[in-house]
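**Q** Next up is a structure, given as C-alpha cells.
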Amino acid sequence: GGESSVNIKTLRKQVLLSAQLEPDDKDAKKSFKKAVKALEKEETISLLADGHVKLVKKKKEKKAKKEKKTKKRELTTTDEVSKGKNKPCKGNQNGITRMFVGNLPFAVDETGLCEFLKPESGGKDDGVTHIKWITDATTGKFYGSAFVEMSDSKSAAHAVTNINETQLMGRQIKLNFAPAKEGDIWPPKQKVITGGSAANAGDGAGKRQAGGSGVKAMGPKPDACVKLFIGNLSYDIDDEGIIKFFGTVDAEVKAVRWLHHKDSGDFKGV
C-alpha cells in the first residue's frame, strides 16, 4: 500500500539484530534514535502518539504524481475535444474556430454578440465559448472589435459565410477567420476578457460590456496638442470623408493615420 506502520520498539529490535548488534546496546539505541529523527525530518517516516512509526510517501512525490495524472487527464480531454472541434469542413478547410469581428457598435455586450452568433451554431447556447474585446491597453477604451472563439469549426464557417457584412444594432459588421499565432494564450482562461488592464478593473461588469469599465476621464487639453483620436468609425471611411467631416466646422486636417490590428491587418474603426 501507500503507507504502513509498526511499533517503534519492534522496529528498533529488528534493525539492530539485522545489523548484528545487541538490542539492549545503549550506543546502538542512540544511533537508531538519530536515524529515526533524520528520517522524520525528511518526511520519510512519521512518529505516532501510540508508539508506532509510519512510513509515508514524500509530499513532493505525491504532489508530482497527482499533477502528472491531472495533466494527462487534461491533455486527453483537450485532444478528444480538439479532434471534433477543429475538424476541417466546408468553408473552413483549416478547421479554424477563432474569428475577428470588426465594426461592432459600442453598445454591444456579451449577451448581444452571443445571440447574434447563436443561429450559426445551430442555436446552441454555448456556440460562443470565448470573447476578447479589443481595447486600449491604457484607458480601456473599446476599439469596436473583438476576437471570438466558436464551439466548433462548422459554426465558425457558418458565421463567416452567412453574417459577414450583415447588420448588428445598425452597424455592418466585418467577420473573418483569425487563427491564433504561436505564443498566443488562446482560448483565454475566462470566457470574456478585454485587452486593457483598465477595462478589466472593477466588479467584473466591464468584462461583459464591450466598452469596459474604469475608463479614464478626459483630461485637459495639453499645450500645443493638435492630434485627435476618433473611434467607432465606419469601415467605408477614407481620408476624403474625414477631411470633409472636419471641413463642416472649418477645421483643417493635416494628416490621418488609420489603425489596423497587428494580427489580422483589419481596420479597427479608429
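**Q** Given the criterion more than 24 Å from residue 92 (Cα to Cα), buried (at least 16 other Cβ atoms within 10 Å of the Cβ) and touching a strand residue (DSSP E or B) at 6+ places or on another chain (Cβ under 7 Å), identify the matching residue among 142, 116.
**A** The unique qualifying residue is 142.
**Q** For region 77-110: of the residues being closer than 18 Å to residue 192 by Cβ and out of contact with any Asp or Glu (no Cβ under 9 Å at 6 or more places or on another chain), which is modelled with the highest pLDDT?
**A** 101
**Q** Is it the case that region 255-264 has a residue that's modelled with pLDDT under 80 and open to solvent by less than 50 Å² (accessible area, probe 1.4 Å)?
**A** yes
**Q** Within region 1-18, can you find the residues that are in contact (Cβ under 8 Å) with a residue 40 or more places away in the chain, over 50 Å from the mean Cα position of the chain (by Cα) and open to solvent by 80 Å² or more (accessible area, probe 1.4 Å)?
**A** Residue satisfying the conditions is 9 alone.
For (1) under 20 Å from residue 126 (Cα atoms); (2) out of contact with any Phe, Trp or Tyr (no Cβ under 7 Å at 6 or more places or on another chain), each residue gets a yes or a no:
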{"site": "158", "(1), (2)": "yes, yes"}
{"site": "161", "(1), (2)": "yes, yes"}
{"site": "165", "(1), (2)": "no, yes"}
{"site": "171", "(1), (2)": "no, yes"}
{"site": "180", "(1), (2)": "no, no"}
{"site": "186", "(1), (2)": "yes, yes"}
{"site": "194", "(1), (2)": "yes, no"}
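**Q** Being open to solvent by less than 70 Å² (accessible area, probe 1.4 Å) and not in a strand (DSSP E or B) is the filter here, so list the residues in region 41-53 that pass it.
**A** Matches in region 41-53: 44, 48, 51.
**Q** Then there is this: Against the definition (in contact (Cβ under 8 Å) with a residue 60 or more places away in the chain, touching a Ser or Thr at 6+ places or on another chain (Cβ under 6 Å), surrounded by fewer than 19 Cβ atoms within 10 Å (Cβ to Cβ) and farther than 22 Å from residue 236 by Cα), how does residue 129 come out, yes or no?
**A** Considered against the rule, which asks whether it is in contact (Cβ under 8 Å) with a residue 60 or more places away in the chain, touching a Ser or Thr at 6+ places or on another chain (Cβ under 6 Å), surrounded by fewer than 19 Cβ atoms within 10 Å (Cβ to Cβ) and farther than 22 Å from residue 236 by Cα, residue 129 comes out as yes.
**Q** Kindly indicate whether residue 106 is surrounded by fewer than 23 Cβ atoms within 10 Å (Cβ to Cβ), among the aromatic types (Phe, Trp, Tyr) and in a strand (DSSP E or B).
**A** For residue 106, the condition - surrounded by fewer than 23 Cβ atoms within 10 Å (Cβ to Cβ), among the aromatic types (Phe, Trp, Tyr) and in a strand (DSSP E or B) - is not met.
**Q** Okay, moving on. Kindly check whether there is at least one residue in region 135-155 that is touching a helix residue (DSSP H, G or I) at 6+ places or on another chain (Cβ under 6 Å) and in a helix (DSSP H, G or I).
**A** Scanning region 135-155 turns up at least one residue that is touching a helix residue (DSSP H, G or I) at 6+ places or on another chain (Cβ under 6 Å) and in a helix (DSSP H, G or I).
**Q** Might you check whether a residue that is on the phi > 0 side of the Ramachandran plot, of a type outside the set (Val, Ile, Thr) and touching a residue at least 60 places away in the same chain (Cβ under 8 Å) occurs anywhere in region 97-110?
**A** Among the residues of region 97-110, at least one is on the phi > 0 side of the Ramachandran plot, of a type outside the set (Val, Ile, Thr) and touching a residue at least 60 places away in the same chain (Cβ under 8 Å), which makes the answer yes.
**Q** When you go through (1) open to solvent by 60 Å² or more (accessible area, probe 1.4 Å); (2) under 30 Å from residue 186 (Cα atoms) one by one for residue 230, which number turns out not to apply?
**A** (1)
**Q** Follow-up. Every residue in region 19-40 that is open to solvent by 90 Å² or more (accessible area, probe 1.4 Å) and at pLDDT 85 or above, please.
**A** 22, 24, 26, 27, 30, 33, 34, 37
The values are calculated or read from the model by the stated rules, or taken from the named source; none is laboratory data. Only a predicted model underlies this, so the values are computations on that prediction, with no experimental measurement involved. All Cβ positions, glycine included, derive from the backbone under ideal geometry; neighbour counts span all protein chains shown. Accessible surface areas use protein heavy atoms only, side chains included; no ligands, DNA or RNA. Shrake-Rupley method; radii C 1.70, N 1.55, O 1.52, S 1.80 Å.
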